[in-house]
Amino acid sequence: MSEAHQDAIYYLIYFVALLILAIATPFLLKAFKKKTPPSVLQPESPSELQSEMQAKSLQDSKFQQDSSTIHSEPRKLQKTEQQIFGRLKSLFSSNQKTPALDEIEEILYTSDLGPATVEKIMSVVSNELSKSEKNNFFEIQKVIQSEMQSIFDSLPATPLVKWAHEGPTVIMIVGVNGAGKTTTIGKLSSLWALEGKKVLVAAGDTFRAAAGSQLKVWTDRAQVEIFSPPNVSDPSAVAFDAIQKAKARGDDLVLLDTAGRLPNQAHLMDELKKVKRVMTKVIPDAPHEVWIVLDANSGQNALAQAKQFHEALGLSGVVLTKLDGTSKGGVAVSVVHDLRVPIKWIGVGEKIQDLKIFSSQDFIQSIASRETDLA
Ligand SMILES: Nc1nc2c(ncn2[C@@H]2O[C@H](COP(=O)(O)OP(=O)(O)O)[C@@H](O)[C@H]2O)c(=O)[nH]1
Ligand SMILES: [Mg+2]
């Protein structure tokens, strides 16, 4: 073969190889993408969420309320982030001039951080930051985050649930109408049932005819038993009988639903006090927990109501619901600051798995972590 022929053959092989590469590249890229692990911000499947919740719940005996990361929070709490840090960031990036301190203050107030917290943050910003730091969004953000964290850290560490040493643990759920009590009971009972606990849900909302059937939908979903005796209108009687039944059978847990009420209705608050008192006749330490369910959308209003519930019943925890839909997540900070009661759980949706253990670090991180997307 002549040299010219050989060159021609090499050129042909080279050309064919290039052609194959050009055709195969898009397929190779596609296959590679499929193998890449999903990003943290992609929504998890319900079963992943459920097992994450179980894992977190199991940690509670170790008092690890603040230790692990909730991957779905950045997405779920996006609106909160848009409100506080997103708005601050736009204030800094859109203004040609330096933002005035009262513009910053206004954003903090309207995010429901509460007056005392806002004052503290503003005093640090105005007294401790240099002129150039005051012009820097990230410096201001740092002050706000550290102030939030110190408020959360000011509460003594408590276990997520004060489990009874023997006999059933009794958890009483209270709050105003529509806050999410029944939904939260459904979510909690599902979580604990999946852990293998024997849960009895007591239908203590005897005000509304529909309340029992709404609760039944949730207990069916969660696959737990409901205690809802017909024609009993006294919630104390429901609570008493439910605890007695759970104790006799060796159940692990009684979750008591109650009718929503405004705390300024004195007779209704007296009724709740009676429910609480009556439980001690079956188990002296009951209820082991009294949790108020607060709708994060109701902001400072929810807080005023919670204070009255706390005075009447001695709350041991807060469940903050609807954080998925609010732009006022700062209320988490004022709840802890003003009420001095820990937030135990957060509701981040209407589905059975949309409940998470509250972690202050994750919460603060989630409202700050995507600020660069929001400018
Ligand atoms: N988006 C959202 N909705 C919730 C959440 N928790 C409860 N809800 C909704 O709030 C409404 C009232 O809930 P319900 O449990 O009946 O409140 P209750 O009157 O306190 O028992 C229902 O439409 C629920 O689906 C939550 O975390 N996020
Ligand atoms: Mg209800």
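The values are calculated or read from the model by the stated rules, or taken from the named source; none is laboratory data. Predicted model, so just to flag it, every value in this text is computed and none were measured. Virtual Cβ from ideal backbone geometry, glycine too; neighbours counted across all protein chains shown.
Data for the structure
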{"quantity": "Pick from the range 196-227, criterion within 14 Å of ligand 2 (Cβ to nearest atom) and surrounded by fewer than 14 Cβ atoms within 10 Å (Cβ to Cβ), ranking: modelled with the highest pLDDT", "calculated": "Val217"}
{"quantity": "Answer from Asp362, Asp354 - the residue that is surrounded by 19 or more Cβ atoms within 10 Å (Cβ to Cβ) and farther than 25 Å from Tyr109 by Cβ", "calculated": "Asp354"}
{"quantity": "Failed criterion for Gly196 (all others in (1) assigned to a loop (DSSP other than H, G, I, E, B); (2) touching a residue at least 24 places away in the same chain (Cβ under 8 Å) hold)", "calculated": "(2)"}
{"quantity": "Per-region count, the range 243-269, residues more than 16 Å from ligand 1 (Cβ to nearest atom) and either crowded, with 20+ Cβ neighbours inside 10 Å or modelled with pLDDT of 95 or more (or both)", "calculated": "12"}
{"quantity": "Residue among Gly212, Gly178 that alone is within 22 Å of the chain's Cα centre (by Cα) and within 16 Å of ligand 1 (Cβ to nearest atom)", "calculated": "Gly178"}
{"quantity": "Residue within the range 176-185 that is more than 10 Å from ligand 2 (Cβ to nearest atom) and within 22 Å of Ser298 (Cβ to Cβ) present", "calculated": "yes"}
{"quantity": "Residue pairs meeting the criteria (Cβ under 6 Å; at least 6 apart or on separate chains; first at pLDDT 65 or above, in the range 75-92; second of a type in the set (Phe, Trp, Tyr))", "calculated": "Lys89/Phe137; Phe92/Phe137"}
{"quantity": "Conditions (1) within 16 Å of ligand 1 (Cβ to nearest atom); (2) of a type in the set (A, V, I, L, M); (3) surrounded by fewer than 21 Cβ atoms within 10 Å (Cβ to Cβ); (4) closer than 25 Å to Gln141 by Cα: number failed by Leu303", "calculated": "(1)"}
{"quantity": "Strands (runs of 3 or more DSSP E) completely within the range 228-326 that count 3 or more residues being within 16 Å of ligand 2 (Cβ to nearest atom)", "calculated": "253-258, 289-295"}
{"quantity": "Count of the range 265-317 residues which are among the acidic types (Asp, Glu) and out of contact with any strand residue (DSSP E or B) (no Cβ under 7 Å at 6 or more places or on another chain)", "calculated": "4"}
{"quantity": "Residue that is nearest to ligand 1 (Cβ to nearest atom) [pool: residues in the range 160-175 that are touching a residue at least 12 places away in the same chain (Cβ under 8 Å) and outside any strand (DSSP E or B)]", "calculated": "Gly175"}
{"quantity": "Whichever residue in the range 173-191 is of a type in the set (A, V, I, L, M, F, W, C) and surrounded by fewer than 23 Cβ atoms within 10 Å (Cβ to Cβ) and, among such residues, is farthest from Val217 (Cα to Cα)", "calculated": "Val176"}
{"quantity": "Residues satisfying the stated conditions in the range 270-292, i.e. within 15 Å of ligand 1 (Cβ to nearest atom) and of a type outside the set (Val, Ile, Thr)", "calculated": "Leu272, Trp291"}
{"quantity": "So Ser123, is it without any contact (Cβ under 8 Å) to a residue 24 or more places away in the chain, among the small types (Gly, Ala, Ser) and more than 23 Å from Lys328 (Cα to Cα)", "calculated": "no"}
